[in-house]
Amino acid sequence: MTHIKLAKDLQELKSHGSKSFPVALYETILRLDRTDFLPLHWHKEIQFVYVKTGRILYQVGYESFVLEAGESLFVNGGRLHAAKPFEVEDAVFYCINVDPIMLAGHENSIFATQYVLPYVVEGRRSFVKLSVDVANEVEAVAKLLKEQKRLYELKVWRGLLHIWESLLEQSSLMEEQVTISNVVQHERVKQMIDYLHTHYMEKVLLDDLAAHVFLSRAECSRFFKKMVGMTTFEYLLHYRLQKSMELLRNKERSITEIAADTGFSTVSYYIEKFKEYTGYSPYAYRKAFL
């Protein structure tokens, strides 16, 4: 797992860039043999993704798709998204997180009111797959941010503005306006995940989760699978295993203690599921990676 700090509602807590230059580049390597992935999360910044090598299974909301090497994606602000390598040993990709104010100038400018905020704050599309030409521009901006040569900030700003102009010219952000129903669905799934994250150390029942968001048991199960791409049981199991992987960093904690603290009923069941998930026993994982 690529560790990022998240709030209970899955908002990423890390600040991206600085107040004077609110842009940040992340070059991420995901490997299958380490079961690497970016967990489901969201942030207020818009994001441009470029796959450098390999293949990435990217999820935005309840939609999942494969991005090949050389392909690029725009993800709107506030949208839940996640990523993992797809049928390759490892994959490398860039994420460029941009505060919309970088494009808008200030909230009362014509750039903000006419060209940026109507597509970001109010929201039109959750994501857009970018054309080859625009993908090449995203890669170029990533290289500028990585190398940080003289005047790179100006060149990055110019590159981002041209990418945004291309999206508007192609009407990519205007094809489908986000409905109130979409907003409600995203807020509901955040509440469900918040509940699972709060109670993962306890015995969690589907009936309790359904009651928490005012759904029937069957509708709760169907809705969660649609939005997250896995059942509530699968998500809870993965989350418990991820938390245990974090706790394994502390060599003073015993495997039995870690199993109990992450909601597993027995240590043998924990070891069994951990090995299925990572290919290693908790003991071997701690020794090999930590």
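The values are calculated or read from the model by the stated rules, or taken from the named source; none is laboratory data. A quick note: this is a predicted structure, and the numbers were derived from the prediction, not measured. Neighbour counts are summed over all protein chains in view; Cβ atoms, including those assigned to glycine, are modelled from backbone coordinates with ideal geometry. Keep in mind that these areas ignore ligands, DNA and RNA; they rest on the heavy atoms of the full protein, side chains included. Shrake-Rupley method; radii C 1.70, N 1.55, O 1.52, S 1.80 Å.
Structural remarks
- Summed over segment 138-171, residues that are under 23 Å from K44 (Cβ atoms), within 23 Å of the chain's Cα centre (by Cα), modelled with pLDDT of 95 or more and not β-branched (V, I, T) total 4.
- Selection from segment 27-52 of residues that are surrounded by fewer than 19 Cβ atoms within 10 Å (Cβ to Cβ) and at pLDDT 95 or above: K52
- Considered as a group, the residues in segment 260-290 that are surrounded by 14 or more Cβ atoms within 10 Å (Cβ to Cβ) and farther than 25 Å from K84 by Cβ include one that is farthest from the chain's Cα centre (by Cα), and that residue is V267.
- Flag if L209 is more than 29 Å from A288 (Cβ to Cβ), buried (at least 16 other Cβ atoms within 10 Å of the Cβ) and touching a helix residue (DSSP H, G or I) at 6+ places or on another chain (Cβ under 8 Å): yes
- In the set (1) surrounded by 16 or more Cβ atoms within 10 Å (Cβ to Cβ); (2) modelled with pLDDT under 80; (3) among the polar types (S, T, N, Q); (4) in contact with a Leu (Cβ under 8 Å, 6 or more places away or on another chain), the condition left unmet by T2 is number (1).
- Of the residues making up segment 102-117, those that are of a type outside the set (F, W, Y) and either open to solvent by 30 Å² or more (accessible area, probe 1.4 Å) or within 16 Å of S166 (Cα to Cα) (or both) are L103, A104, G105, H106, E107, N108, I110, T113, Q114, V116, L117.
- Scanning segment 83-97 for residues being touching a residue at least 60 places away in the same chain (Cβ under 8 Å) and either open to solvent by less than 30 Å² (accessible area, probe 1.4 Å) or closer than 25 Å to G159 by Cβ (or both) gives a total of 7.
- Members of segment 134-157 found to be within 16 Å of V51 (Cβ to Cβ) and either open to solvent by 80 Å² or more (accessible area, probe 1.4 Å) or not β-branched (V, I, T) (or both), listed by number: A135, N136, E137, E139, A140, A142, K143, K146
- Annotation note: of E234, E187, E219, E202, the sole residue that is loosely packed, with under 15 Cβ neighbours inside 10 Å and assigned to a loop (DSSP other than H, G, I, E, B) is E202.
- Listed here are the strands (runs of 3 or more DSSP E) enclosed by segment 1-116 that have at least 1 residues being more than 26 Å from A140 (Cα to Cα): 38-41, 63-68.
- Between S20, S64, the distinction of being in contact (Cβ under 8 Å) with a residue 40 or more places away in the chain, among the polar types (S, T, N, Q) and surrounded by fewer than 17 Cβ atoms within 10 Å (Cβ to Cβ) belongs to S64 only.
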